[in-house]
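K.L.:
Questions regarding the structure given below will be posed in turn.
Values quoted throughout were computed directly from the atomic coordinates according to the rules given, and no laboratory measurement underlies them. The shown structure was predicted, so the numbers you read here are calculated from the model rather than taken from an experiment. Using ideal geometry, Cβ is built from the backbone for each residue, glycine included, and neighbour counts are taken over all protein chains shown.
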């Protein structure tokens with residue numbers, strides 16, 4: 001067990017890069033592929049207005065993703081530093097604070113986005129033709145933002161804890177879950 005805890009401090013850099021980068025690249029590719037396939041289905045099922053609506057809402061998703069990565073990467077950096085200093089209790093507190101911060105920020109951003117969704121859509125370039133579709137799609141996305149943000153922050157922490165394959169598996173399963181169990185987008189348009 002002690003060897004597994006110190007692998008980041010004792011293993012060769014080349015092995016660590018392979019161990020951590022390959023699962024990360026796979027999970028990012030799967031997530032990107034999900035987005036591409038989703039756009040194809042929306043384009044074929046709803047048409048260009050459906051694609052336009054999802055693209056107008058996309059910046060909101062990216063802003064929330066940026067906050068989640070900021071929190072997750074910050075917490076994972078703190079975790080790595082404290083584990084390197086052999087201060088497990090402080091590391092655990094840092095991770096707990098990161099998770100709580102992720103929860104609070106995600107709920108606040110969800111509430112703000114729901115309240116100001118029409119204004120945000122205008123800011124992101126929504127046209128009158130897209131407004132109906134973008135508003136309906138945006139509400140669905142905004143309600144799911146806390147789950148996406150918390151999962152993304154946790155993924156960074158899991159990776160920093162020395163489990164890149166587990167982080168990859170959760171990201172691939174999350175993409176698969178979104179694809180297989182997402183609300184039928186055509187129903188909302």
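K.L.:
Given contacts defined as C-alpha pairs under 8 Å and at least six residues apart, what's the relative contact order of the stretch 61-167, whole-number percent? Walk me through the numbers on the way to the answer.
P.N.:
Details: 104 pairs, mean separation 47.4, N = 107.
With pairs under 8 Å counted, the relative contact order is 44 percent.
K.L.:
Which entry in [x] 40; [y] 18; [z] 34 is this structure's computed percent of Cα pairs over 28 Å apart?
P.N.:
For percent of Cα pairs over 28 Å apart, the calculated option is [z].
K.L.:
Also, I was wondering about something else. Name the most mobile residue of 173, 123, 109, meaning the one with the largest mean-square fluctuation, in a Gaussian network model of the chain with Cα contacts below 10 Å.
P.N.:
Comparing 173, 123, 109 in the GNM, the peak value goes to 123.
K.L.:
Given only helices, namely DSSP H runs of n ≥ 4 each adding -39500 (n - 2.57), what is the per-residue ellipticity at 222 nm of the chain, to the nearest 500 deg cm²/dmol? Let's see the in-between values first.
P.N.:
Details: 9 runs with 168 residues, N = 189.
Calculated at 222 nm, the ellipticity per residue is -30500 deg cm²/dmol.
K.L.:
Once the Cα atoms of helix 13-45 and of the chain are each reduced to a long axis, what angle between those two axes, in degrees from 0 to 90 to the nearest 10, is obtained?
P.N.:
That helix lies at roughly 10 degrees to the long axis.
K.L.:
Would you mind checking the tilt of helix 128-160 against the longest principal axis of the Cα atoms of the chain, expressed as 0 to 90 degrees and rounded to 10?
P.N.:
Once rounded, one gets 10 degrees.
K.L.:
Would you mind checking the tilt of helix 164-181 against the longest principal axis of the Cα atoms of the chain, expressed as 0 to 90 degrees and rounded to 10?
P.N.:
20
K.L.:
Taking a ≥ b ≥ c as the square roots of the Cα gyration tensor eigenvalues, with a/c under 1.5 meaning rounded and otherwise prolate when a/b beats b/c, else oblate, which class fits the stretch 61-167? Walk me through the intermediate numbers first.
P.N.:
Working: a/c = 3.56, a/b = 2.85, b/c = 1.25.
In terms of gyration-tensor shape, prolate.
K.L.:
Would you work out if the stretch 48-97 is rounded, prolate or oblate? Take a ≥ b ≥ c from the square roots of the eigenvalues of the alpha-carbon gyration tensor; rounded if a/c is under 1.5, else prolate when a/b is larger than b/c, oblate otherwise.
P.N.:
Values: a/c = 6.47, a/b = 4.93, b/c = 1.31.
Cα axes put the stretch 48-97 in the prolate bin.
K.L.:
Arrange the peptides 154-163, 111-120, 95-104 so that the one whose residues have, on average, the most other Cβ atoms within 10 Å appears first.
P.N.:
Numbers: 154-163: 21.1, 111-120: 14.5, 95-104: 16.5.
Final packing ranking: 154-163, 95-104, 111-120.
K.L.:
When the chain is fully extended, how far beyond the present Cα-Cα distance does residue 86 get from residue 32, taking 0.36 nm per residue of separation? Write out the running numbers ahead of the final one.
P.N.:
Working: separation 54, 0.36 × 54 = 19.44 nm, distance 3.69 nm.
Taking residue 86 through residue 32 to full extension adds about 15.7 nm, to one decimal.
K.L.:
Okay, next question. Over the chain, what relative contact order in percent results from Cα pairs under 8 Å that are six or more residues apart? Could the numbers behind the result be given before it?
P.N.:
Values: 182 pairs, mean separation 68.8, N = 189.
Relative contact order of the chain: 36 percent.
K.L.:
Another question, then. Working from the pairwise distances between different alpha carbons, so that the mean of 1/r is found and then inverted, what is the stretch 1-75's Kirkwood radius in Å?
P.N.:
Working: mean 1/r = 0.0640 Å⁻¹.
After inverting the pairwise mean of 1/r, the radius is 15.6 Å.
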